[in-house]
Structures are given as structure tokens and as C-alpha cells.
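Okay, structure first, notes after.
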Amino acid sequence: MSFIEVDTLTKKYGDSIHALDRVSFTVEKGEWIAVMGPSGSGKSTLLNILGCLDSVTEGRVVVDGQELSGLSARDLARFRAEKIGFVFQQFHLVPYLTAVENVMLAQYFHSLADEAEAAEALRRVGLGDRLGHLPSQLSGGEQQRVCVARALINQPNLILADEPTGNLDEVNEAIVMGLMSELHREGHTIVIVTHDPEIGRMAERRIELHHGRLSEVSVFPTYEEELIDNLLKAVWHAQEHVGKEVVPIESLPEFLPNRATFLLMAQEELVDLEGETLAFTSRGEARGREVLRRHRLSERLFYDTFGLDKDLLDEHACKIEHTLSPEVTEKICIFLKHPLTCPHGSPIPRGACCPAR
Ligand code: ADP
Ligand code: MG
């Protein structure tokens, strides 16, 4: 049995609004799912039902072995408090309670309020020095981190997040998504609603809703792998430019538009992100080296052998660098007699076929 089972779920508001129309899918324990789709397509409705905040009209929803439609309002509240952590776009903090009190409030249903535990949860999201602050004394990003702490306080198996970065700037978005990927690594199951493809890409699987219907369950492996290749190349270029292995993020114009993918790359141990700097891990460096090698060898081939215009080399190399197999790359290198530089003068990383210098 899957951790979440949604079977022909329908949700109606009145007679005319079908917020969800016979939606079926499953989620395994520890998976990270993104729910995407246009505004009004039923994303929040779906999340609220999974989070026991709304009722089912028809169909079956099972979370962690518990069929939800069979529960009374009281049992739903208890199940939610024990099993589910919720993060909302509009933080929903109580304005006259401090950060630590807001977190303790979520604890209330579960066990005796434990201030030390709440403080620990806030330290975990980097707010150890803000325990006594009111929401109005915190920035949007800090308020959302209080919400993440609140969601974590009962050690829930399932974390539901509805557009958690919708009201945040890019820096705080990266912090909150960094926390999400940490939770994922620890084994929490995460379902996150987002319309941001960058954030959707961090999930292992994407579910798309259109007019309350599930239209697509997709992964984009090729696209994603190519993007990662390109970003590894960008890191390599930045290293060449700066002349150091650890490069400041500001030397990478690709960083901000692709911050979620960089977080994913950190998660996959291709890069080390430390504060405002970035470096390759040994895996990342090996993969970056191969991409660069394919790119610059392709440029050499197009230039030396086919006489392609120098200005067109980069564009065409970018197209084939993702598809060349190691065998073909080696053949090109041998055919070109192991060239040392690309036509623009940049060094071509050595391969196993190249003679020692
Ligand atoms: P999304 O989160 O994808 O933007 P929602 O799940 O909020 O979409 O809404 C799906 C549809 O259900 C919309 O047409 C919305 O107007 C309707 N809806 C949502 N909640 C209610 C409600 N409490 N009463 C009536 N209609 C609702
Ligand atoms: Mg919504």
C-alpha cells in the first residue's frame, strides 16, 4: 500500500463547481511531489483534503493507512496535528503571539506545550535569536521560516506546502526551499503546490491539474539533465574566469534564475553551496569536465573539419554536447589528434585517450 492513495477523488462546492474531478494518484513514503497547474485548477483544494482541512465529496483518500472520509471532525483534527505539517503562502501566524508561542500553539493538540522543543525547531530554521519577536517584527522570509518550524514541531510524516514561496523574495525562497530539501533528505514525504517551474523541478515527480482533472504526471529527465550540464559548464567558466576553485555566487549570472536547480545539484552532491560561494564536489567536477570536453571538442571538429563560422561554433556545440556518447567523444578526440584548445583558445580537458603531457 502506498503512503498516499487518492482514488477517483471528486470535490464539489455546491452543484456547479467541480473543484476536483475524479483525480487518482499515489505517493510513496519519502517521495517529493510537486502539484502544478493554473490558478483555479484545484491545487489548494487537493492539498486541503490531503491535510484534513476539507472534506471529500466522492472517492477515497488514504494517508498513512488512514482512510480520511471515515473520520469525524475531531478525529480529523487529531490526525492532522499528529501526522501533518502545513505551510501556507499566507503564513497564518497569530499576530499577537511571539515566534516561539506560534510554534507552541501547533504543539498544543499533540502534547503538553514544550517551549524548549519549540525553541529548538526555530533554531533549526535559523531563527534562534528571534524567539520573542512578533510576526510584525519579522520579514516575510523569517515569518515563513517560523511556519516551517511550526509545521515540523510534531515530527509529521507528511509535509504539505501550498505556494510556500509565493510571497518571498529570491533569497528567502532559496532558504525555504533549502529547508524543504533538507526535510526530504531526512525522509519526510513532501507535497508542494507551486506554479514556479524552477521549484517544481526540485520535486521527484510532478502532477498537473487542469480544471480539477489530473492531466499529466510527468518527469522531465532529459531537459533537467541538460540544464544541469549547462549549469556545470557555467560553474566551470566561472572558475576559469575567477581563477579559483571556490567562486562567489555573484560571479555566476546563471545562479539566481536557476537557484532551485542549483539547490537540486547541491542535493545530488554535484556542487557545494556555502553561504555566498559555490564549488564543485569531485562528482560535479568530473561531470563538468566531461561536458566541457564534449563542447570544446565539438567546436574543434566543426571548425577544423567542416570550416564552420567561428561565431556559430558555440551554438552548434551546445546542441550536440548533451548527446555524444563517451565512445564517440573519444573517437573525435583521436581523430583530431587530441587537441589542447578549442578554436577560441580555451583549454580542452584531457580525456583517458589523451597521451600524458
Ligand atoms: P488553485 O489552488 O489551483 O488556484 P483552488 O483549489 O483554490 O484552486 O480552487 C479550485 C476551484 O474551486 C476554483 O474554481 C475555486 O473558485 C473553487 N473553490 C475553492 N474553494 C471554494 C469554496 N470554499 N467554495 C466555493 N468554491 C470554491
Ligand atoms: Mg491555491
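Could you tell me how far the Cα centroid of region 65-86 sits from the Cα centroid of region 133-208, in Å?
21
So how many Å³ per residue does the convex hull of the Cα atoms of region 224-280 work out to? Could you put the intermediate results ahead of the total?
Values: hull volume 3.8 nm³, N = 57.
Normalising the Cα hull of region 224-280 by residue number yields 67 Å³.
Sort Leu168, Leu71, Leu297 so that the residue with the fewest other Cβ atoms within 10 Å of its own Cβ comes first and the one with the most comes last. Spell out each step's value before the answer.
Numbers: Leu168 21, Leu71 16, Leu297 26.
By the 10 Å Cβ count, ascending, the order reads Leu71, Leu168, Leu297.
May I ask you to evaluate 6.51 cos²θ - 1.76 cosθ + 1.60, the Karplus curve with θ = phi - 60°, for each residue of region 56-64 and list the ³J(HN,Hα) values in order in whole Hz, giving x for glycine and proline?
8, 7, 9, x, 10, 10, 10, 10, 6
Straight distance only, please: which aspartates and glutamates reach the Cα of Lys29 with their own Cα at less than 13 Å, same-chain residues fewer than 8 apart left out?
Glu5, Asp64, Glu186, Glu204
Taking a cut-off of 12 Å between Cα atoms, list the aspartates and glutamates near Lys12, but don't count ones fewer than 8 places away on the same chain.
The qualifying aspartates and glutamates are Asp21, Asp54, Glu58.
Please label the shape of region 129-203 as rounded, prolate or oblate, based on the square roots a ≥ b ≥ c of the eigenvalues of the alpha-carbon gyration tensor (a/c under 1.5 means rounded; beyond that, a/b larger than b/c means prolate, else oblate). Provide the component values of the computation, followed by the final result.
Values: a/c = 2.10, a/b = 1.25, b/c = 1.68.
Oblate, because a/c is 1.5 or more while a/b does not exceed b/c.
Can you list the lysines whose alpha carbon sits under 16 Å from that of Lys244, skipping same-chain ones fewer than 8 residues off?
Leaving aside lysines fewer than 8 places away in the same chain, those within reach of Lys244 are Lys233.
Using a Förster radius of 25 Å, what is the FRET efficiency between Ala116 and Arg74 based on their Cβ-Cβ separation? Nearest 0.05, please.
On the way: r = 29 Å, r/R0 = 1.15.
Computed FRET efficiency for Ala116 and Arg74 comes out at 0.30.
Pull out a ≥ b ≥ c, the square roots of the eigenvalues of the alpha-carbon gyration tensor of region 1-124, then state rounded if a/c is under 1.5, prolate if not and a/b is larger than b/c, and oblate in the remaining case. List each step's numbers first, then the result.
Values: a/c = 1.96, a/b = 1.73, b/c = 1.14.
In terms of gyration-tensor shape, prolate.
Taking 8 Å as the Cα distance limit and 6 or more residues as the minimum spacing, I'd like the relative contact order of the chain as a percentage. If you can, show how the numbers build up before the last one.
On the way: 593 pairs, mean separation 55.7, N = 357.
Relative contact order, the chain: 16 percent.
Over the Cα atoms of region 188-335, compute the convex hull volume and normalise it per residue, giving Å³.
159
Might you report the magnitude of the Cβ-based charge dipole of region 38-109 about its Cα centre, with Lys and Arg at +1 and Asp and Glu at -1, to the nearest 20 debye?
Dipole magnitude for region 38-109 comes out near 40 debye.
Amide H neighbours of Leu20 under 5 Å, counting only residues 5+ apart in sequence or on other chains, H built in-plane at 1.01 Å?
Excluding prolines and chain starts, which carry no amide H, the hits are Lys11.
Going by amide H atoms built from the backbone, whose H comes under 5 Å of the H on Phe280, apart from near neighbours?
Asp272
Using the Cα atoms of region 85-240 to build a convex hull, what is its mean projected area in square nanometres? Write out the running numbers ahead of the final one.
Values: hull surface 45.6 nm².
Mean shadow area of the hull around the Cα atoms is 11.4 nm².
Show me, bin by bin at 10 Å from 0, the whole-percent P(r) of the chain based on Cα pairs.
5, 21, 26, 21, 14, 9, 4, 0
Which of rounded, prolate or oblate describes region 1-40 when judged by the alpha-carbon gyration tensor and an a/c cut-off of 1.5?
Working: a/c = 3.97, a/b = 1.73, b/c = 2.30.
Here region 1-40 falls in the oblate category.
For a Förster distance of 51 Å, can you work out the FRET efficiency between the beta-carbons of Asp7 and Ser346, rounded to the nearest 0.05?
Numbers: r = 56 Å, r/R0 = 1.09.
Efficiency, from the Cβ-Cβ distance: 0.35.
All of the numbers you see were taken from the coordinates with simple rules; none came from a lab. As the structure is a prediction and not an experimental result, all values here were calculated from the model. A quick note on method: Cβ atoms are made from the backbone with ideal geometry, for glycine too, and the neighbour counts reach across all protein chains shown.
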